[in-house]
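Visitor: The structure that follows is given in the form of structure tokens.
The values are calculated or read from the model by the stated rules, or taken from the named source; none is laboratory data. Bear in mind the structure is a predicted one, so any value in this text is a computation, not a measurement. Reconstructed Cβ throughout: ideal geometry from the backbone, glycine too, with neighbour counts over all protein chains shown.
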């Protein structure tokens, strides 16, 4: 399959230590969010990962963040690698947006020479293209998470510290990690 060849070609880049650390932290971020969401139904939380760890933005008790981060890491080490995949990941949103933009651009090719009202007749096609992007973008985004933007196997990932701070009305928890 085309995508499988592309993913194989990406492996040297995905295994650069810096990239691998970001992917591991992204996976642990998702796993933590899964566990926090199970504990707090309706939870509104945002995460952002980097090579040194991740930030969780949401009003949560620090003790719960610590407990769920440690539980998430333990569960991932025990083989629950699917915890690294999350349906609300930015990878999914970017994938959907990119497919929608490509389809819209393609459907509008040549329209600049058409009268305005003729261009309007393309709106149903564009809506159909965007619906297709939403339908096919989510599963593709999940696959990209699994193979590109996260790592479900934490390997030697360690939690170094978890700190809480307030930024205006926002509460942030910084999870510092280490790995090779």
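Visitor: Do you know which residues across segment 149-180 are within 18 Å of the chain's Cα centre (by Cα) and not in a strand (DSSP E or B)?
Guide: Hits for segment 149-180 are 149, 150, 151, 152, 153, 154.
Visitor: Follow-up. Consider segment 40-72. How many of its residues are in a helix (DSSP H, G or I), out of contact with any strand residue (DSSP E or B) (no Cβ under 6 Å at 6 or more places or on another chain) and exposed (fewer than 13 other Cβ atoms within 10 Å of the Cβ)?
Guide: Within segment 40-72, residues that are in a helix (DSSP H, G or I), out of contact with any strand residue (DSSP E or B) (no Cβ under 6 Å at 6 or more places or on another chain) and exposed (fewer than 13 other Cβ atoms within 10 Å of the Cβ) number 1.
Visitor: Would you check if there is a residue in segment 74-85 being at pLDDT 90 or above, closer than 18 Å to residue 164 by Cβ and part of a loop (DSSP other than H, G, I, E, B)? Please lay out each step first, then the result.
Guide: Residues of segment 74-85 that are at pLDDT 90 or above, as a first pass: 74-85.
Filter once more, so that each one left must be closer than 18 Å to residue 164 by Cβ: none.
No, every residue in segment 74-85 fails to be at pLDDT 90 or above, closer than 18 Å to residue 164 by Cβ and part of a loop (DSSP other than H, G, I, E, B).
Visitor: Please work out if residue 10 is more than 15 Å from residue 174 (Cα to Cα), part of a loop (DSSP other than H, G, I, E, B) and in contact with a helix residue (DSSP H, G or I) (Cβ under 9 Å, 6 or more places away or on another chain).
Guide: For residue 10, the condition - more than 15 Å from residue 174 (Cα to Cα), part of a loop (DSSP other than H, G, I, E, B) and in contact with a helix residue (DSSP H, G or I) (Cβ under 9 Å, 6 or more places away or on another chain) - is not met.
Visitor: From the residues in segment 89-118 that are loosely packed, with under 13 Cβ neighbours inside 10 Å and within 21 Å of residue 132 (Cα to Cα), which one is modelled with the highest pLDDT? Steps first, answer last, please.
Guide: Keep residues of segment 89-118 that are loosely packed, with under 13 Cβ neighbours inside 10 Å, which gives 102, 105-106, 109-110, 112-113, 115-118.
Imposing the further condition that a residue be within 21 Å of residue 132 (Cα to Cα) reduces the set to 102, 105-106, 109.
Values: 102: 91, 105: 84, 106: 85, 109: 77.
The selected residue is 102.
Visitor: Pairs please, first residue from segment 150-170 and loosely packed, with under 10 Cβ neighbours inside 10 Å, second anywhere and in a loop (DSSP other than H, G, I, E, B), Cβ atoms under 6 Å, 6+ apart in sequence or on different chains.
Guide: The qualifying pairs are 156/179; 156/180.
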